[in-house]
Amino acid sequence: MKTKIILISMAVSLCLAASGQSAYAEKEIAKSSNPLYKNGLNYVSFGAEIGPTLNRFNSSYPVHFGLPVKVYLGRQKVGRFIIRTGYHHFPVPSDRLDASQKRAYNQIIPLAIGYRRNIRDWYIEGSLGAAINQSTSVYNDPAQENWVVSYREINYGLEIGRQIGDFDIGLVVYNTGPIPYHILFSGIKTSYRIKW
């Protein structure tokens, strides 16, 4: 009886050990075959940018201010997939307003996906998606209703920059809308990465 108990105990122990090693091996295989599981970390990036409008809309919106937000997915040091959004504000200068206007501005809110390629401490990234492009005019006469027009348009961008610790500093160019009715704008951008 004691011999049977010892043999059964040994068999159960060996089975448990084998299944534990098999699970560990499967986990290691999953890690090695998953292209998103490499050295490095996922992170979220919050930034600020400023720059000129480059095409004919420069006469109305000579400069823009941006608050870009990006999520970097994947754990590869050589590159990561990105999800890009944020807010871009294009104010009309007071000397370019009509006499009836109190203020006017354009705003763009993109949602795009892309890829970032790291080259040592430098990077290049591109993204493609859609954006809400909204123009607003606020009038001096309170009885006059504000004028607001909104479009959903294609949005894409290209960024080149340098990584300095958890900070990125770069030059970016974006296009929103179909050519020739598009807004082409660029900027100098800095952002801070929060790893997770």
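The values are calculated or read from the model by the stated rules, or taken from the named source; none is laboratory data. Because the structure is a prediction, the values reported are computed rather than measured. Here the Cβ positions follow ideal geometry from the backbone for every residue, glycine too, while neighbour counts run over all protein chains shown. Note: accessible area is taken over every heavy atom of the protein model, side chains too, but ligands, DNA and RNA are not part of it. Shrake-Rupley method; radii C 1.70, N 1.55, O 1.52, S 1.80 Å.
Mind listing whichever residues of the stretch 45-86 are of a type in the set (Val, Ile, Thr) and open to solvent by less than 30 Å² (accessible area, probe 1.4 Å)?
Once the filter is applied, which keeps residues that are of a type in the set (Val, Ile, Thr) and open to solvent by less than 30 Å² (accessible area, probe 1.4 Å), the stretch 45-86 yields THR53, ILE82.
For the stretch 87-102, which residues satisfy the criterion of being open to solvent by less than 40 Å² (accessible area, probe 1.4 Å) and closer than 18 Å to GLY129 by Cβ? If the condition is that a residue be open to solvent by less than 40 Å² (accessible area, probe 1.4 Å) and closer than 18 Å to GLY129 by Cβ, then HIS88 is the only one that fits. Among the candidates GLY161, GLY170, the residue that is touching a strand residue (DSSP E or B) at 6+ places or on another chain (Cβ under 9 Å), without any contact (Cβ under 8 Å) to a residue 40 or more places away in the chain and closer than 19 Å to LYS77 by Cβ is uniquely GLY161.
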